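Reviewing the structure listed below.
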Amino acid sequence: MNRNITDGINLFSKLNGRRLLNATKLLSSYYISKAFKKPIHWGMPLTMEIEPTTSCNLRCPQCPSGLREFTRNTGMLNLELYKKIIDEIHEDLIWLVLYFQGEPFLNTSFLEFVKYAAAKNIYTATSSNAHYFTSDMAKATVQSGLDRLIISIDGTTQDTYSKYRIGGNIEKVIEGTENLLKWKKELGLKTPHIIWQFIAFKHNEHQIPEIKKLAKKIGVDELGIKTAQIYDYETSDNFIPTNEDLSRYTKTEDGYKIKNKLLNQCWRMWRGSVITWDGLVVPCCFDKDATHQFGNVSDFSFKAVWQNDQYNRFRTAILKSRKEIDICKNCTEGTKVWN
């Protein structure tokens, strides 16, 4: 059976009557909100991103975690706060991303996070630079119940890979992937669905045919070719690919502009939310420095924050003029390229 189909069946298995009803409420209220330009919001999140840590072992130059440029605190999510969040939202939640910024596996409680959500039949996913998958860690990860694992590999040679993944070692990434695949096979498990993610830059776009061959040789479940988010895209082309099909941006006489037309709508504001390692609730993954804070789940229930005036004012602003919201100006939801 096609491994993407297997992954889809696994995701479908997480559904039940309550979760389907909740998803229907969210979707219907979203379309009503778009029609009337008012933030009508029924239901609880069907997706959620929770941040295990802001710490990272690499120094990627287009990542605030890698650049150590956060104005917010750096730290690790504790298990007690995590369980509090999951206990409140798990009945309606379908998909949980245990990632926002940083390298998730630096948090020693990470696999406990996965197990706790998996026990409540939530589809769990994360993203890693795959530098910590020794044979023992790979085995523990496969046994944890993790459903999806995205592994960043932005090159097929060390020279190309390390131009963005500064401080990284491509051999560790490949070895770690092989360890995971070995244990999936030996344990007879179909999860996690392992995706190699190749972010296309100017310096590595020529290696896309090579990464396709390597992914097939190694035997990963899926290869994703992703467009890069560039912070100074208006004037810089250091990282923007020459092939516009691989870019979120298009060249103009004055530099570059984002391809997204920034329509006054955003399904993300209805379907789910992001919680930082220290409990801050922020709108989405584009608010990397948590500049738009709606409350803290250490002090309030998530439901109280999800339905509060601050959150609804932000949803109203999205419906009225999304281009005026700072974090939306570089948003490219729907422009990823997957092969």
Query raised in the report: Considering the range 299-337 alone, what residues qualify as being surrounded by 14 or more Cβ atoms within 10 Å (Cβ to Cβ), of a type outside the set (A, V, I, L, M), modelled with pLDDT of 95 or more and closer than 28 Å to residue 75 by Cβ?
Result: 300, 301, 302, 306, 308, 311, 314
Report summary line: Picked from the range 1-38 (must be loosely packed, with under 12 Cβ neighbours inside 10 Å and among the small types (Gly, Ala, Ser)), the residue farthest from residue 223 (Cα to Cα) is 35
Query raised in the report: Can you find even one residue in the range 277-290 that is more than 23 Å from residue 68 (Cα to Cα) and surrounded by 17 or more Cβ atoms within 10 Å (Cβ to Cβ)?
Result: no
Query raised in the report: Of (1) surrounded by fewer than 24 Cβ atoms within 10 Å (Cβ to Cβ); (2) closer than 16 Å to residue 218 by Cβ; (3) more than 19 Å from the chain's Cα centre (by Cα), residue 150 satisfies all except one. Which?
Result: (3)
Requested in this report: State yes or no: is residue 81 among the hydrophobic types (A, V, I, L, M, F, W, C), at pLDDT 95 or above and touching a strand residue (DSSP E or B) at 6+ places or on another chain (Cβ under 7 Å)?
Outcome: no
Report task. Please list, ordered by first then second residue, the pairs with beta carbon atoms under 8 Å, 6 or more apart or interchain, first in the range 51-70 and in contact (Cβ under 8 Å) with a residue 24 or more places away in the chain, second small (Gly, Ala, Ser) and exposed (fewer than 15 other Cβ atoms within 10 Å of the Cβ). Result -> 57/167; 58/167; 59/167
Query raised in the report: Which fully enclosed helices (runs of 4 or more DSSP H) of the range 98-217 have 2 or more residues being touching a residue at least 24 places away in the same chain (Cβ under 8 Å) and not polar (S, T, N, Q)?
Result: 110-118, 135-143, 170-187
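The values are calculated or read from the model by the stated rules, or taken from the named source; none is laboratory data. What you see is a predicted model; the values in this text were computed from it and never measured. A quick note on method: Cβ atoms are made from the backbone with ideal geometry, for glycine too, and the neighbour counts reach across all protein chains shown.
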